[in-house]
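A quick write-up on the structure given underneath.
The values are calculated or read from the model by the stated rules, or taken from the named source; none is laboratory data. Just so we're clear, the structure is a prediction, and the values are computed from it rather than from any experiment. Cβ coordinates were reconstructed from backbone atoms using ideal geometry, including for glycine residues, and neighbour counts include every protein chain displayed. Calculation scope for accessible area: heavy atoms of the full protein, side chains included, ligands and nucleic acids excluded. Shrake-Rupley method; radii C 1.70, N 1.55, O 1.52, S 1.80 Å.
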Amino acid sequence: MTAQRTLVLLKPDAVQRGLRGEIIRRLETKGYEIVALAQRTATAEELSAHYAEHEGKPFYPGLVEYMGAGPLVAIVAEGDSVIAGFRSLAGATNPTEAAPGTIRGDLAREWDLPVIQNLVHGSDSEESAAREIGIWFPELG
Ligand code: DAT
Ligand code: MG
């Protein structure tokens, strides 16, 4: 298996709740390498590019508002099968359904519905990872 890269976001709720260290600890103790890391408040352009697949869905306006509401941390992580592996660490999209032991299952809950605040993003395929790394870290693209 060759090493993959994935794009991880520690979303504004993770930063606001002081969970950066806890989430990065899980990523690192799993054995993944951090290749790049940056904290900043996302621009509207970054968010519309990142979430293009969800444009037009009922939750899209709330999602973009939540993601732009404060600083987030963008990370490129590397390792064998890291794309699927980080999504396993993250758990199901809905934190109520996410299994205990996962980031979302242990650390998130339904909070301010209808927006699902679930602490982290992880790319869902090699194609998404390449596209998303290009959005957040154009210098690595
Ligand atoms: P994931 O982040 O697990 O890949 P996704 O790509 O389907 O999930 O959706 C992106 C984000 O949008 C997700 O993390 C939380 C939010 N979201 C998804 N489905 C939603 C819904 N039905 N209602 C509210 N927010 C939703
Ligand atoms: Mg997704």
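A few remarks follow.
- In the stretch 89-118, the residues that are in contact (Cβ under 8 Å) with a residue 40 or more places away in the chain, within 9 Å of ligand 1 (Cβ to nearest atom) and in a loop (DSSP other than H, G, I, E, B): 114, 116, 117, 118
- Subset of the stretch 1-24 that is aliphatic (A, V, I, L, M) and surrounded by fewer than 16 Cβ atoms within 10 Å (Cβ to Cβ) - its residue that is farthest from the chain's Cα centre (by Cα): 1
- Near pairs, Cβ below 6 angstrom, 6+ apart or cross-chain, from the stretch 48-59 (within 14 Å of ligand 2 (Cβ to nearest atom) and open to solvent by less than 80 Å² (accessible area, probe 1.4 Å)) to any residue that is among the aliphatic types (A, V, I, L, M) and part of a helix (DSSP H, G or I): 49/135; 50/135
- Condition check for residue 27: open to solvent by 50 Å² or more (accessible area, probe 1.4 Å) and within 13 Å of the chain's Cα centre (by Cα): no
- Residue match in the stretch 67-81 (condition: within 11 Å of ligand 1 (Cβ to nearest atom) and in contact with a Lys or Arg (Cβ under 8 Å, 6 or more places away or on another chain)): yes
- Looking across the stretch 119-135, the residues that are out of contact with any helix residue (DSSP H, G or I) (no Cβ under 7 Å at 6 or more places or on another chain) and either modelled with pLDDT under 95 or away from ligand 1 (no atom under 12 Å from the Cβ) (or both) come down to 127, 130, 131, 134.
- As a summary of the residue check, residue 85 satisfies the conditions (1) open to solvent by 20 Å² or more (accessible area, probe 1.4 Å); (2) of a type outside the set (A, V, I, L, M); (3) within 22 Å of residue 135 (Cα to Cα); (4) assigned to a helix (DSSP H, G or I) except for the one numbered (1).
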